[in-house]
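A quick write-up on the structure given underneath.
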Amino acid sequence: MAESKIHPTLVMKGNWGEVHFAQRLNDEQPVRAFLTNECPENELPKLMELFRRMAQDGNIPNIQKYKKIDGVIHEFKANEVRISCYTDASKRRCYLLHAFLKKQDAWPHGELQRAINLLHEHLEFLKTKGGPQ
């Protein structure tokens, strides 16, 4: 029997669609690296539940856990952890762009710019190298 392969960027799959790690042109996945190396251990289950809910329903109506930041950039929130993302509703996919520990009320401008840059790089990755389309 042939082995089924799960795409290496897939985080969660549900009734609405899929949540994926965004990928840079150098194949780096910033959110995967953050969750593995920097995320406080007690926040990981909360984030995974948010990703499950997004994959299941395509939205999280609680603005304390998920909200629009700027343009197409949204954030998942678990205490101080912020994970930027964008959703391609036509393909039913949410892509996790980058993550950081937020220490103040407003998003630092540099983090927003980084999210926007990673969005553009990820879209270029999808266009040139493929990936979940």
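Derivation of every value follows stated rules applied to the coordinates shown; laboratory data play no part. Just so it is clear, the model here is predicted, and its values are computed rather than measured. Ideal geometry is used to build each Cβ from the backbone, glycine not excepted, and the neighbour counts take in all protein chains shown.
Looking only at residues that are more than 13 Å from the chain's Cα centre (by Cα) and aliphatic (A, V, I, L, M) in segment 10-49, which one is farthest from Leu101 (Cα to Cα)?
Looking at residues that are more than 13 Å from the chain's Cα centre (by Cα) and aliphatic (A, V, I, L, M), I get Leu25.
Kindly establish whether Ala99 is small (Gly, Ala, Ser), crowded, with 19+ Cβ neighbours inside 10 Å and assigned to a strand (DSSP E or B).
Criteria met by Ala99.
One line per residue, one yes/no per condition, for (1) assigned to a strand (DSSP E or B); (2) within 23 Å of Leu112 (Cβ to Cβ):
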position: Met12; (1), (2): yes, no
position: Gln23; (1), (2): no, yes
position: Ala33; (1), (2): no, yes
position: Pro45; (1), (2): no, no
position: Met54; (1), (2): no, yes
position: Ile60; (1), (2): no, yes
position: Lys68; (1), (2): yes, yes
